[in-house]
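Everything on this sheet refers to the single structure shown next.
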Amino acid sequence: MLLEEHYFTAPKRASPRLLSLSLASRSEDLQWMGSTSSKGPNDNRELLSTLPVTPRSGRDLLQGLADPRGRVGRRIADCEPMWRGLWTLVSRAARGPHSPRLCTRQASGYPAPGSGATIFALSSGQGRCGIAVIRTSGPASGHALRSLTAPRDLPPARKACLRLLSDPRSGEPLDRALVLWFPGPQSFTGEDCAEFHVHGGPAVVSGVLQALGSVPGLRPAEAGEFTRRAFAHGKLSLTEVEGLADLIHSETEAQRRQALRQLDGELGDLCRGWAETLTKALAHVEAYIDFSEDDNLEEGVLDQADSEVRRLEVALGVHLRDARRGQRLRSGAHVVVAGPPNAGKSSLVNLLSRKPVSIVSPEPGTTRDVLETPVDLAGFPALLSDTAGLREGVGPVEQEGVRRAQKRLEQADLILAVLDASDLASPASCNFLDTVVIPAGAGNPSGSHQRLLLVLNKSDLLPAGRSDPHPDLPSHLLLSCLTGEGLDGLLEALKKELAALCGDPSTGPLLTRSRHQHHLQGCLDALGQYRQAKDLALAAEALRVARGHLSHLTGGGGTEEILDIIFRDFCVGK
């Protein structure tokens, strides 16, 4: 049966202001968001129900085509099911490319580099060791395992078996090793995988790697390629990938706890929960747009969407006000040791780092540049900086050292202010108290001022029985770098300060990267546009943008450039 051709065109309206939500951008129709009325919309809306609703022209056209009373409708009344099916296909096609995908345990949609190839690499550390682990991933993993263990067949899945490994070219024995077979998709990468647990001598490892390289279809893996394939096959979300990278590079107990919680999906689950909230709110808004004229629509649908968005805005604001705690936990808080000359700053740096980082001398001005060392302070990562003594320098070199010390103080997350307990009345000590300690608010570390701990060193030089030389000073700690007395109290105080700076991983997910901050801020900004929207269609689009930011955060809509940056920090075999 021949049918007349019909084209979906935009209805003409006076003063069109915005072309929005076309058939190619998920709206099921092409419509102009304009108004012929001289009366403007409610600029200060409180409820979505006060907003104008633009009719779905595409749906109306379809209904007109299917209407048996119309001229065309009488000719195609028998094809109503076909038109409905066609419209469903068109609608799905329109929604597809623009619908943000939430990264759950489904595939991410991004092909792994060299998809189809089988990769291999040493997964354990370089150098001599008791056992080295070599792994493969890809469709030829089973063939590689058979080639090195011929004439034996594949071992049972996920069961370690002792096999003799031989060079597939010469048949020369290489090692007697444990081998494991992980058929996909029940593997780390989601592909067929094999592992060779060989003796960790360099010659053995080199021989097995060369043997694998001779198997057709195998190539050496690139850095992070195993984990990237796991992401591509939906085994890990992007936040879990970042948690795995942080776990590999963790050096302190707090870093390990945070990375493990992120690897377990804590941050990803939180973002997916927020995305579900936005999806529900978006569904309510879309339902009101489509069915507001129907009587069977529940009352209060838009009110419920508004309340869900308000709760989400509060939750996002709380996480964005974490003052970079997660990023400090990942990269280390910046702790600067400062004070007048000969107060014992370098001795304190050596004591906290447990190694001779700085030169210690009774001569004033020994330290003239900023010396930095990463340390583990009470389980938290920190970058400890030793600075020049703050005084009026006697030469241009020392003056430059003082200038650098003052600049580093401005960048510090925490200042360890060191004074000589036996020389508090000196001009240098008094000037340091007036210019650094008091302005930084040493007596109010929980306030809005820069965090500072005042340490009175050389307590071993105080007269016997005089435990507190100056009770009128701001809150301070007594310490002797020579004897170690007071070190436990200093470490306990540092633990409290660093816990406040870096956050406690056990209290909830932390934002460990600037990428997390960027997408959550973008989501919050989009929700602000939603509340200011003057049309329901624009409000719905703002919800889509907000949901898209959450999808990007977990890896459902990232770009190849971002993925390259994240995965390049992995070692080759991970």
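Hey, does the stretch 95-108 have a residue that's open to solvent by 50 Å² or more (accessible area, probe 1.4 Å), at pLDDT below 50 and assigned to a helix (DSSP H, G or I)?
Yes, there is a match, as at least one residue in the stretch 95-108 is open to solvent by 50 Å² or more (accessible area, probe 1.4 Å), at pLDDT below 50 and assigned to a helix (DSSP H, G or I).
Please determine whether any residue of the stretch 320-338 is closer than 30 Å to ALA425 by Cβ, touching a Pro at 6+ places or on another chain (Cβ under 6 Å) and either surrounded by 14 or more Cβ atoms within 10 Å (Cβ to Cβ) or of a type outside the set (D, E, K, R) (or both).
no
If ALA499 meets every condition in (1) hydrophobic (A, V, I, L, M, F, W, C); (2) assigned to a helix (DSSP H, G or I); (3) surrounded by 18 or more Cβ atoms within 10 Å (Cβ to Cβ) apart from one, which number is that one?
(3)
May I ask you to list the residues in the stretch 317-366 that are in contact with a helix residue (DSSP H, G or I) (Cβ under 9 Å, 6 or more places away or on another chain) and part of a helix (DSSP H, G or I)?
Hits for the stretch 317-366 are GLY317, HIS319, LEU320, ARG325, GLY326, GLN327, ARG328, LEU329, ARG330, LEU348, LEU351, LEU352.
For the stretch 356-389, how many residues are open to solvent by 30 Å² or more (accessible area, probe 1.4 Å) and not acidic (Asp, Glu)?
Counting residues in the stretch 356-389 that are open to solvent by 30 Å² or more (accessible area, probe 1.4 Å) and not acidic (Asp, Glu) gives 13.
From the set of residues in the stretch 196-234 that are in contact with a Pro (Cβ under 8 Å, 6 or more places away or on another chain), in contact (Cβ under 8 Å) with a residue 60 or more places away in the chain and in a loop (DSSP other than H, G, I, E, B), which is farthest from THR554 (Cα to Cα)?
The extreme case among them is VAL215.
Here is a check on your reading of the model: is ALA221 within 21 Å of ALA140 (Cβ to Cβ), at pLDDT below 95, open to solvent by 10 Å² or more (accessible area, probe 1.4 Å) and aliphatic (A, V, I, L, M)?
Yes; evaluated as a whole, the condition is true for this residue.
Taking ARG135, is it at pLDDT below 95, among the charged types (D, E, K, R), in contact with an Asp or Glu (Cβ under 7 Å, 6 or more places away or on another chain) and within 30 Å of GLY265 (Cβ to Cβ)?
no
Here are some conditions: (1) closer than 29 Å to CYS502 by Cβ; (2) assigned to a loop (DSSP other than H, G, I, E, B). LEU384 meets all but one. Which one does it not meet?
For LEU384, the exception is condition (2).
On the given criteria, is ALA203 under 26 Å from ALA160 (Cβ atoms) and buried (at least 22 other Cβ atoms within 10 Å of the Cβ)?
no
Rundown of residues vs (1) of a type in the set (A, V, I, L, M, F, W, C); (2) closer than 25 Å to LEU424 by Cα; (3) without any contact (Cβ under 8 Å) to a residue 40 or more places away in the chain, yes/no style:
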residue	(1), (2), (3)
SER347	no, yes, no
VAL357	yes, no, yes
SER361	no, yes, yes
VAL370	yes, yes, yes
GLY379	no, no, no
LEU384	yes, yes, no
ARG391	no, yes, no
GLN399	no, yes, yes
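Show the residue pairs meeting these rules: Cβ distance below 6 Å; 6+ apart or different chains; first residue within the stretch 504-522 and more than 24 Å from GLY379 (Cα to Cα); second residue in a loop (DSSP other than H, G, I, E, B) and modelled with pLDDT of 80 or more.
GLN517/LEU511
Please find, within the stretch 468-496, the residue that is least open to solvent (accessible area, probe 1.4 Å) out of those that are of a type in the set (D, E, K, R) and assigned to a loop (DSSP other than H, G, I, E, B).
ASP468
Restricting the first residue to the stretch 240-262 and requiring it to be closer than 19 Å to THR227 by Cα, which pairs with a second residue that is acidic (Asp, Glu) and not in a helix (DSSP H, G or I) meet a Cβ separation below 6 Å and a spacing of at least six or different chains?
Listed by first residue and then by second, the contacts come to ALA245/ASP569.
The values are calculated or read from the model by the stated rules, or taken from the named source; none is laboratory data. Small disclaimer: the values here were computed from a predicted structure and weren't measured. Positions of Cβ are backbone-derived with ideal geometry, glycine not excepted, and every protein chain shown enters the neighbour counts. When the accessible area is computed, the model is the full protein with side chains, heavy atoms only, and any ligands, DNA or RNA have been set aside. Shrake-Rupley method; radii C 1.70, N 1.55, O 1.52, S 1.80 Å.
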